[in-house]
Amino acid sequence: MKKIVAILLAAVLAVTLCISMSATAFAASSIKITASVSPGSLTGAGTVSVKVTVQNGSDGEINDVTVEFPDGDSENIGSIAAGESGTRSDSAWHVSEDMLDTDLIFSASFTDEDGDTQTIKTNPLTISKEDSKAAASASASASEDSVESGERVTFTFSLKNEGNVTLEDASLTSPDSGQFSDSQLHKTFTLEPGETKILKWTVSLKESVDISPVFTYTADGEEHTAKADRVSVTVDGAEPSASQDEDSLEVVASADKTQVSAGDTVSFEVTVRNHGSADLENLKVTDGDGNEVDFTGDRLDAGSAAKGTLELTVQETSDFVFTAKAEDEDGNTVEAKSEPIEVTVDAVDLTTALTMDVSFIPEISQAGPVDFTFKVKNNSGQELKNIVISEATLGTIATIESMTAAEQDITQQIQVAQTTSYVFTISGELPDGTKLQSQTQQPATVTVKQAAGGMGTMLILFVVIIAAIIAVAIALAVLIHKNKKAGYTAFGKRRDCREVPQRPRQEPTRNRPAERSYGQQRPPQVHQQPRQQKRQMPREQIEPRRQQPRQKQQRQPVDKKNTRYSDRNKF
């Protein structure tokens, strides 16, 4: 009986433990953590921008949320209410050399509404190590194209680091003009990737000048040069060889939109007017990157105008300036520039740049393949690369090498053996290498009816068996208790080892023969002794007391006189 009770208690404890563990696991799975880093690659140790978001998808508040970075640095961001999210950001997180090309995992620990401490982790992120690239662009301009002798002109020279390594010992080494001192020309500076250095000098001009600026710099131990376009300034009405009075040629540019998202296409319309008296030919109009505006012809007669168009895909906020060049009948070059057109690109929201919706059949009759359709959404407006759809238990499900469209559907079959919940993850990269990652908001649960029914039947059968065992145990306990009170053992034997007396078996009564005399005594019945058991304890034999057989009382003879019965009625 005690063993049965122990087994029952163990079974109840196991079931309770399974239910509690399942509930805890489900609560933890509804709380998600995502991380993004920018840029996604470095040439060596450096800094990146990091953003970690904890999304509370549970029904209760989570407290004491602590976000930890891969280098062990942690920060407590407080509590997060149900349905809300918390964020930890660092715009200058230091990445050491040995952290490149390795899996970086961000984690968050918190206390749930039951007081239990839970920990969640992101999928691994990687900051790749790329090869060094030294690149720079130079530009130059003057505040005036034509001045009187002795007037002051401001010259502006700039150098932009467009590579991924630091430019060292950079300096302006040319123009070869007596207008600038050696100290101004050879003053060195350093440029980090993406930085721009601007130099300005204001000088008094007495003669026309043509300036061809040249910058020199060192990158990765090697010397490089960057040349800017020539700048010409006319003094006392003299025409420089590469300049023309702006009244002779006019360039007007416009854009169909100036506020766009990254990856949007902007259409520019450029109008060139010839205000001079001479015809121009070999007309060519380009933007700052050398993209050429499309015109129907290359000739521009005196007093006429021409229109051209150019479509560009814009990835970042930029100023667009269009330069028109043409030649007169003497071969002299005429040049003019448009006013800058600023096109602003909205910043990309890294948390929504790449998302995914999942559709599937939520309930099937039996285990087997289920079609999952993943609708991948590119909300960045840019080309996304290396897109991967994955799941923690299934691994990589599908990949997209490159995606420029806003949406794309992918259908994959997944074998479902039992009722299962899936949380899918999608990751990708922006053109600048920034990593993107997001997860489905709700678990995708596929219910297998057969499996659920089988489990229900097994549970019912288990309960019935346990109930039967309990009933048998109770009946056995009652029987044992009764036997003990009556002086018997659990199996019906007497405790004093005496044999249970047997009742004599009576023969059935039979009709006596008619010819037997009325007063004859019935002989005593011989009772068959019960078969002795094989093993009996010795006992004392007691001889029963012999008694005389009882005599049946005889009836007095009936006086036949004075009777009304005849002989045939005497019995």
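The values are calculated or read from the model by the stated rules, or taken from the named source; none is laboratory data. This one's a predicted model, so the numbers in the text were calculated from it and none came from an experiment. All Cβ positions, glycine included, derive from the backbone under ideal geometry; neighbour counts span all protein chains shown.
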Take the residues of segment 377-408 that are without any contact (Cβ under 8 Å) to a residue 40 or more places away in the chain and not in a strand (DSSP E or B): which is surrounded by the most Cβ atoms within 10 Å (Cβ to Cβ)?
379
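Quick grid of which residues meet (1) in the same structural domain as residue 36 (by TED's automatic domain parsing); (2) more than 23 Å from residue 427 (Cβ to Cβ):
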position	(1), (2)
54	yes, no
61	yes, yes
105	yes, no
118	yes, yes
157	no, yes
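Please tell me if residue 440 is modelled with pLDDT of 85 or more and β-branched (Val, Ile, Thr).
Working: modelled with pLDDT of 85 or more: yes; β-branched (Val, Ile, Thr): yes.
Criteria met by residue 440.
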Working only within segment 261-309, note down all residues that are under 14 Å from residue 335 (Cα atoms), crowded, with 17+ Cβ neighbours inside 10 Å and under 48 Å from the mean Cα position of the chain (by Cα).
287
Those residues that are closer than 30 Å to residue 432 by Cα, modelled with pLDDT under 90 and in contact with a Phe, Trp or Tyr (Cβ under 7 Å, 6 or more places away or on another chain), I need them from segment 174-204; list them, please.
199
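From the list 434, 419, 440, pick out the single residue that is of a type in the set (S, T, N, Q), free of Cβ contacts under 8 Å to residues at least 60 places away in the same chain and either crowded, with 16+ Cβ neighbours inside 10 Å or in the same structural domain as residue 266 (by TED's automatic domain parsing) (or both). First the steps, then the outcome.
Details: 434 fails: free of Cβ contacts under 8 Å to residues at least 60 places away in the same chain; 440 fails: free of Cβ contacts under 8 Å to residues at least 60 places away in the same chain.
None of the other options fit; the residue is 419.
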Could you tell me which numbered condition residue 302 fails, if it satisfies all but one of (1) part of a strand (DSSP E or B); (2) modelled with pLDDT under 85; (3) of a type in the set (A, V, I, L, M, F, W, C)?
(1)
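Residues 86, 115: which one is of a type in the set (Gly, Ala, Ser) and surrounded by 12 or more Cβ atoms within 10 Å (Cβ to Cβ)? Let's see the steps before the verdict.
Working: 115 fails: surrounded by 12 or more Cβ atoms within 10 Å (Cβ to Cβ).
That would be 86, the only listed residue that is of a type in the set (Gly, Ala, Ser) and surrounded by 12 or more Cβ atoms within 10 Å (Cβ to Cβ).
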Evaluate segment 155-173: report whether one residue or more is modelled with pLDDT of 85 or more, among the β-branched types (Val, Ile, Thr), in a loop (DSSP other than H, G, I, E, B) and within 49 Å of the chain's Cα centre (by Cα).
yes
Going through segment 328-357 one residue at a time, which ones are of a type in the set (A, V, I, L, M, F, W, C), surrounded by fewer than 17 Cβ atoms within 10 Å (Cβ to Cβ) and more than 27 Å from residue 288 (Cα to Cα)?
none
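Output yes when any residue across segment 29-52 is modelled with pLDDT under 65 and either over 23 Å from the mean Cα position of the chain (by Cα) or surrounded by 15 or more Cβ atoms within 10 Å (Cβ to Cβ) (or both), and no when none is. Explain how you work it out, then say what you get.
At the first step, the residues of segment 29-52 found to be modelled with pLDDT under 65 are 29.
Imposing the further condition that a residue be either over 23 Å from the mean Cα position of the chain (by Cα) or surrounded by 15 or more Cβ atoms within 10 Å (Cβ to Cβ) (or both) reduces the set to 29.
Scanning segment 29-52, I find at least one residue that is modelled with pLDDT under 65 and either over 23 Å from the mean Cα position of the chain (by Cα) or surrounded by 15 or more Cβ atoms within 10 Å (Cβ to Cβ) (or both), so the answer is yes.
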Could you figure out which of (1) surrounded by fewer than 16 Cβ atoms within 10 Å (Cβ to Cβ); (2) farther than 18 Å from residue 115 by Cα isn't true of residue 81?
(2)
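In segment 205-230, what residues are part of a strand (DSSP E or B) and either modelled with pLDDT under 85 or not assigned by TED's automatic domain parsing to the domain that holds residue 151 (or both)? Reasoning before the result, please.
As a first pass, look at segment 205-230 and keep what is part of a strand (DSSP E or B): 209-211, 214-219, 222-227.
Result: 209, 210, 211, 214, 225, 227.
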What are the residue pairs meeting all of these: first residue in segment 167-193, first residue assigned by TED's automatic domain parsing to the domain that holds residue 142 and farther than 24 Å from residue 235 by Cα, second residue assigned to a loop (DSSP other than H, G, I, E, B) and modelled with pLDDT under 70, Cβ atoms under 9 Å, and 6 or more apart or on different chains?
172/180
